Amino acid sequence: MTDRVLHVLLLRHGVTDANLNGIVQGQSPVPLNAEGLEQSRRLAARIAQFKPKVQKLISSDLVRAMQTAGQIHRATSLAIEPDAGWRERGMGELEGHAADIWSAVKARDGMQPKGAETPHAHHQRVLEAFLRLPTQCAGVDCVAVVTHGGTMWNLLNMFNEGLLPLKAGHPALDLANSPNCGLTHLIGELSGGQWAWRVDCLNDGSHLATVTNRDSG
């Protein structure tokens, strides 16, 4: 018997000029560009019509995510609840530089960029943010979470690694990057005090139709 069901919509922010130019953003205050704002409006229109009805809106507190969440707020009147747990990984000295610099840094005997968040710290932060959702969403059936490509990849990889439980028989997840303003729909079922999850849709950008999608950053 299922004691509770929670729908979680993981939403990637709209595109930025840094995305288009291959610039490492990390936790820098990078705003959406005009295309990103249009993507966000398309996403917001879909969220406003989503079933089950979205009852809560959580967002990374970084500018590009909050701007995306702002469009959803306008379409749904849901208050935005900023949560730093859903931020992108901080990349320290690499932020603002071309992404190919990161390859050079990784080649230096596994060194971390100066001032960067470690992969382990990012992993733990994202895991904690996800695990507290059921408590944050008490009395809520469906929550939308605006976050980032790297954070979404990190979380979905935890399902493949067995750190988060998929329902029995669920196939491994394809970890291709989500398009900007793509949607991933997770359905959690609580039974006997244990949560198990399945993926209803993964990295879906069908609502973007004529808007160009980006896969990096």
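As a calculated quantity, the FRET efficiency between residue 77 and residue 111 at R0 = 41 Å, using C-beta atoms, amounts to about 0.30. For residue 204, the residues whose modelled amide H falls within less than 5 Å of its own, excluding neighbours fewer than 5 places apart on the same chain, are 183, 184. Highest mobility in the GNM of the chain, judged by mean-square fluctuation with C-alpha springs under 10 Å and restricted to 185, 120, 207, is found for 120.
Adding -39500 (n - 2.57) for every DSSP H run of four residues or longer, then dividing by how many residues the chain holds, sets the calculated 222 nm ellipticity at -9500 deg cm²/dmol. Cβ crowding within 10 Å, taken as a proxy for footprinting-reagent exposure, orders 190, 43, 156 from fewest neighbours to most as 190, 156, 43. Length gained on full extension, residue 172 to residue 204: 9.8 nm, using 0.36 nm per residue less the C-alpha separation. Considering only beta bridges that DSSP places wholly inside segment 49-190, some 10 percent are antiparallel.
For the chain, a Gaussian network of Cα nodes joined below 10 Å ranks 135, 151, 118 by mean-square fluctuation, and the top entry is 135. If a/c stays under 1.5 just call it rounded; otherwise compare a/b with b/c (prolate if a/b is bigger, oblate if not). Do that for segment 7-111, with a ≥ b ≥ c from the square roots of the Cα gyration tensor eigenvalues. Judged from the Cα gyration tensor, segment 7-111 comes out prolate (a/c at least 1.5, a/b above b/c).
Choose one answer from 37, 155, 131: the residue with the largest mean-square fluctuation in a GNM of the chain with alpha-carbon springs under 10 Å. Between 37, 155, 131, it is 131 that shows the largest mean-square fluctuation.
Any read-out appearing in this document is the output of simple, stated calculations on the displayed coordinates, not a laboratory observation. None of these values were measured; they are calculated from a predicted model. Glycine also receives a Cβ, built like all others from the backbone with ideal geometry; neighbour counts cover every protein chain displayed.
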